[in-house]
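**Student:** One structure follows; several queries about it will come next.
The values are calculated or read from the model by the stated rules, or taken from the named source; none is laboratory data. Remember, predicted model here, so these are calculated numbers, not experimental data. Cβ coordinates were reconstructed from backbone atoms using ideal geometry, including for glycine residues, and neighbour counts include every protein chain displayed. Side chains included, ligands, DNA and RNA excluded: accessible areas come from the protein's heavy atoms. Shrake-Rupley method; radii C 1.70, N 1.55, O 1.52, S 1.80 Å.
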Amino acid sequence: MFLKSVNTRGECKSGEYIFNILKNVIIDIGPCNVIQLCMDNASNCVVAGHMIEKEWPLIFFTRCTCHCLDLLFEDIGKCAWIRDTLQLSMKISIFITRKQHALAMYRKFSEKELLKPSTTRFAYNFIVLSNLLDDRVKSGLRRMVVSEQWCQWKGSRMQAREEIVSIILDATFWANVKKIGNVCKPILEVLRLADREGATMGLFYQIKKSKDVDQIMVDEIVGMCIYRMTMLHSPLHAVGFLLHPIWREKIQEIDDPVHTSWMETIMRYATDDVGLQGALFDEFYAYRTQEKTIF
């Protein structure tokens, strides 16, 4: 539900300035009716978020999942063994999608569209790369650059065309694309879960391990994932994991970090109200067992 917008033109968007805007909105709504404040990872937003938590300890400040994942992809894109392959994949997509004749030729050889790289979202460039692994794209590109129509094309610089051909016909390039795809697939799945309508906090608590990738490479990416996920994680993620209906039959609370986050949320929400704490534990038990409990 959209509540209001604020014109901030000409203002210095400091953490305190953002805090005061949010404070007024929270007061209008009623602090007891606010559970979570979600913003991106800019330093001023983080400062404002912590100020809100200090003002109202019952309100959780969490960072935007999609923004955290985009920053993670930015980190991954700086790895030497990924950066070069990513740049080559961008060259293919840019060359073909920006040249009308090349795009028309490509469409004769493939039913799957090429995606255009983005200058603003790092994650999308990895989506472009993973799109190349689609058999329709890969085989279409290969058939196109060896076709008579491509060879007779006079409308582009020969050097640029030869570079694209050498990339597309290079088996090492495709092997590297596959490796990167294997590493990034679980993270892209998390992004797709988060970047959609509806309640998604409980859907992406865990990331599956990548397969068929050198362990040193995996460890490098895992380190980046841990850093960004530690930045992102809030006790509410664990609570969403516990309370999401699709996981109701699992026993997530036996996992120590999940249990700790659940207890932290209960204690923070109920403070020193032992009766409320007990009622919340009873309601959770009733939810788990599907028993009707009246309080």
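**Student:** For the range 1-42: of the residues being open to solvent by 40 Å² or more (accessible area, probe 1.4 Å) and touching a residue at least 60 places away in the same chain (Cβ under 8 Å), which is nearest to His237 (Cα to Cα)?
**Tutor:** Filtering the range 1-42 for residues that are open to solvent by 40 Å² or more (accessible area, probe 1.4 Å) and touching a residue at least 60 places away in the same chain (Cβ under 8 Å), the one nearest to His237 (Cα to Cα) comes out as Gln36.
**Student:** Mind checking which helices (runs of 4 or more DSSP H) fall wholly inside the range 44-120 and carry at least 2 residues that are open to solvent by less than 20 Å² (accessible area, probe 1.4 Å), touching a Leu at 6+ places or on another chain (Cβ under 6 Å) and among the polar types (S, T, N, Q)?
**Tutor:** Values: elements: 65-77, 80-98, 100-109.
Of the helices (runs of 4 or more DSSP H) lying wholly inside the range 44-120, those with at least 2 residues that are open to solvent by less than 20 Å² (accessible area, probe 1.4 Å), touching a Leu at 6+ places or on another chain (Cβ under 6 Å) and among the polar types (S, T, N, Q) span 80-98.
**Student:** Something else about it: Determine, yes or no, whether Asp70 is of a type in the set (Asp, Glu) and closer than 30 Å to Thr265 by Cα.
**Tutor:** yes
A quick yes/no check of all residues on (1) buried (at least 16 other Cβ atoms within 10 Å of the Cβ); (2) at pLDDT below 80:
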| site | (1), (2) |
| --- | --- |
| Val145 | yes, no |
| Ser156 | no, yes |
| Glu162 | no, no |
| Ser166 | no, no |
| Trp174 | yes, no |
| Ile180 | yes, no |
| Glu189 | no, yes |
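**Student:** Here's a check for you: in the range 106-137, which residue that is without any contact (Cβ under 8 Å) to a residue 40 or more places away in the chain, among the aliphatic types (A, V, I, L, M) and touching a Lys or Arg at 6+ places or on another chain (Cβ under 8 Å) is nearest to Asp75 (Cα to Cα)?
**Tutor:** Going through the range 106-137, the residues without any contact (Cβ under 8 Å) to a residue 40 or more places away in the chain turn out to be 106-107, 109-120, 124, 128, 131, 134-137.
Cutting the leftovers down to among the aliphatic types (A, V, I, L, M) gives us 114-115, 128, 137.
Add one more test, that the residue is touching a Lys or Arg at 6+ places or on another chain (Cβ under 8 Å), and what stays is 128, 137.
Numbers: Val128: 17, Val137: 27 Å.
That would be Val128.
**Student:** Please work out which residue is nearest to Ile76 (Cα to Cα), limiting yourself to the range 138-178 and to residues that are outside any helix (DSSP H, G or I) and of a type in the set (S, T, N, Q).
**Tutor:** Of the range 138-178, the ones outside any helix (DSSP H, G or I) are 146-147, 152-157, 169-170.
Then keep just the ones that are of a type in the set (S, T, N, Q); that gives 147, 152, 156.
Details: Ser147: 35, Gln152: 39, Ser156: 33 Å.
Restricting to residues being outside any helix (DSSP H, G or I) and of a type in the set (S, T, N, Q), the top hit is Ser156.
**Student:** Please verify whether Asn131 is farther than 18 Å from Ile94 by Cα and among the polar types (S, T, N, Q), treating the condition exactly as stated. Reasoning before the result, please.
**Tutor:** Numbers: farther than 18 Å from Ile94 by Cα: no; among the polar types (S, T, N, Q): yes.
When the stated conditions are applied, Asn131 does not pass them.
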